[in-house]
Amino acid sequence: MTIATQPHTILLDEAKPGHEYDVVRRVIEDISENYRDQPSLEELAANAGMSPTALQKLFTRWAGLSPKGFLQAVTLDHARRLLASDLPLLETAYEVGYSGPGRLHDLFVTHEAMSPGEFKARGGGLSMRYGFHICPFGLALVMVTDRGLAGLAFCDPGSEREALADMQGRWPNAHHFEDMGATAPYAARIFDPANWRSDQPLRVVLIGTDFQVSVWNALLKIPMGKAVAYSDIASDIGRPKASRAVGAAVGANPVSFVVPCHRAVGKSGALTGYHWGLTRKRAILGWEAGQLATR
DNA sequence: ATGACTACCAGAT
DNA sequence: ATCTGGTAGTCAT
């Protein structure tokens, strides 16, 4: 069924990159609501209020993938294939310890977990610097400590307060202050694949319960372009029946995108949920497919 | 009590 | 043959 979208006129700032994702997001919503009847580029463009060629260009520049390609990349069948491919990969793939650097997540991440004591302190004695940055998926709220990246959240322009509250609530005892200068390099490093290099691994600090950390650790092992079922993660961490609890832990991941919680899907390949909005999950998955295709 | 889960069964298409 | 919806196990918060 087609939603009668108002002929919303975009008044200002159409060229700003932040608004680019706005357009893309609407198109993605459109696609995911109507993907069953294979909307044509013309229809999508009409709904978005722009010319087919303009949309084609914008979308492709954004995702590295045409709207059509994106449509396919986010399909159930596709997700199933990602799942089916090689499941043993979780067991074998990378050698990872809690401390040693390793090749994880094409982004190249070094991660360490905070001690249980530090976790219980709920951030006490920790300084968190934060900043908002435009990224391919809207606004990114980046939070860092002197030990590395501790938080990454998404939001749309206008809802910065909520995102910040959400994040700060996770470490209520920390000293939070804004410092875009400190966070900007992280944003640049994270969202531009050109900067994903092993010689400067991204330092990440995982702050959570033991169970959560083990789940996030498992997520870190999923390479780009692959997906894993919650139940697979459950088996991987040695609690085959805890898939539901795994879902909760995945959902609690404070470092979204970097810890690729978007690559966790239902056993059927269905995208079951995302703390920062299902549309965003689709966007990230589609964008990743585009990065792979362009590589 | 509550889920970003699953396996399973009954109807419906 | 498939899809949909409800149900009953499960387990860390």
- request: Mind checking the full-extension length gain between A:Glu160 and A:Gln200? Use 0.36 nm per residue of separation minus the Cα-Cα distance, one decimal, nm.
  value: 11.4 nm
- request: Could you tell me which of A:Leu41, A:Leu206, A:Ala165 has its Cα farthest along the dipole of chain A towards the positive end, charges placed at Cβ (Lys, Arg +1; Asp, Glu -1), taken about the Cα centre?
  value: A:Leu206
task: Using a Förster distance of 35 angstrom, determine the FRET efficiency expected from the C-beta separation of A:Leu41 and A:Arg239, and round it to 0.05.
output: 0.15
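Please compute the length gained on full extension between A:Gln72 and A:Thr272, using 0.36 nm multiplied by the number of residues separating them and subtracting their Cα-Cα distance. Walk me through the intermediate numbers first.
Details: separation 200, 0.36 × 200 = 72.00 nm, distance 1.79 nm.
Here the segment from A:Gln72 to A:Thr272 would lengthen by 70.2 nm.
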task: Quote the charge dipole size of segment A:17-73 about the Cα centre in Debye, to the nearest 20; the model charges only the Cβ of Lys and Arg (+1) and of Asp and Glu (-1).
output: 220 debye
task: Please work out the C-alpha center-to-center distance from segment A:54-82 to segment A:176-240 and express it in whole Å.
output: 24 Å
message: Suppose every Lys and Arg Cβ carries +1 and every Asp and Glu Cβ carries -1, with no other charges. What dipole size does segment A:89-277 come out with about its Cα centre, to the nearest 20 debye?
response: 400 debye
- line: Taking r as the C-beta separation of A:Leu292 and A:Thr110 and R0 as 41 Å, the FRET efficiency to the nearest 0.05 is 0.95
query: Among residues other than A:Gly148 whose Cβ falls under 9 Å from its Cβ, what is the net charge (Lys/Arg +1, Asp/Glu -1)?
result: 0
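Normalised by the residues of segment A:89-277, what does the relative contact order come to in percent, with Cα pairs under 8 Å and at least six apart?
Values: 338 pairs, mean separation 47.3, N = 189.
Relative contact order for segment A:89-277 comes out at 25 percent.
Could you work out what % of the accessible surface of segment A:17-73 is carbon and sulfur, using a 1.4 angstrom probe and leaving DNA, RNA and ligands out of the count? Let's see the in-between values first.
Working: 1430 of 2760 Å².
Carbon and sulfur atoms account for 52 percent of the accessible area of segment A:17-73.
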- prompt: Which of A:His176, A:Phe191, A:Val250 sits farthest toward the positive end of the charge dipole of chain A, with +1 on the Cβ of Lys and Arg and -1 on the Cβ of Asp and Glu?
  reply: A:Val250
- line: Note on segment A:103-213: alpha-carbon gyration tensor, axes a ≥ b ≥ c; rule is a/c under 1.5 for rounded, else prolate if a/b larger than b/c, else oblate; result oblate
query: What shape does segment A:200-271 have by the C-alpha gyration tensor, where a ≥ b ≥ c are the square roots of the eigenvalues, rounded means a/c under 1.5, and otherwise prolate means a/b greater than b/c and oblate the rest?
result: oblate
task: Specify the angular offset, from 0 to 90 degrees and rounded to the nearest 10, of the alpha carbon long axis of helix A:210-219 from the longest principal axis of the alpha carbons in chain A.
output: 40 degrees
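Given a 1.4 angstrom probe, what's the average accessible area per residue across segment A:170-230, in square angstrom?
On the way: 2420 Å² over 61 residues.
Counting only protein heavy atoms, the per-residue value for segment A:170-230 is 40 Å².
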- prompt: Where both partners of a DSSP beta bridge lie in chain A, what percent of those bridges are antiparallel, to the nearest 5?
  reply: 50 percent
- prompt: Label A:Lys57 and A:Ala248 with points 7 Å out from Cα along Cα→Cβ: what is the distance between them in nm?
  reply: 5.1 nm
- request: Indicate the gyration tensor shape class of segment A:17-73 (rounded, prolate or oblate), computed on the Cα atoms with a ≥ b ≥ c the square roots of the eigenvalues: a/c under 1.5 is rounded; otherwise a/b larger than b/c is prolate and the rest oblate.
  value: rounded
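Under the rule of -39500 (n - 2.57) per DSSP H run of 4 or more residues, summed and divided by the residues of chain A, what mean residue ellipticity at 222 nm is obtained, to the nearest 500 deg cm²/dmol?
Values: 13 runs with 129 residues, N = 295.
The helix contribution divided over chain A gives -13000 deg cm²/dmol.
The values are calculated or read from the model by the stated rules, or taken from the named source; none is laboratory data. All values derive from a computational prediction rather than experimental measurement. Here Cβ is always computed from backbone atoms with ideal geometry, including for glycine, and neighbour counts include all displayed protein chains. Accessible surface is based on the protein model in full, side chains and every heavy atom, while ligands, DNA and RNA are left aside. Shrake-Rupley method; radii C 1.70, N 1.55, O 1.52, S 1.80 Å.
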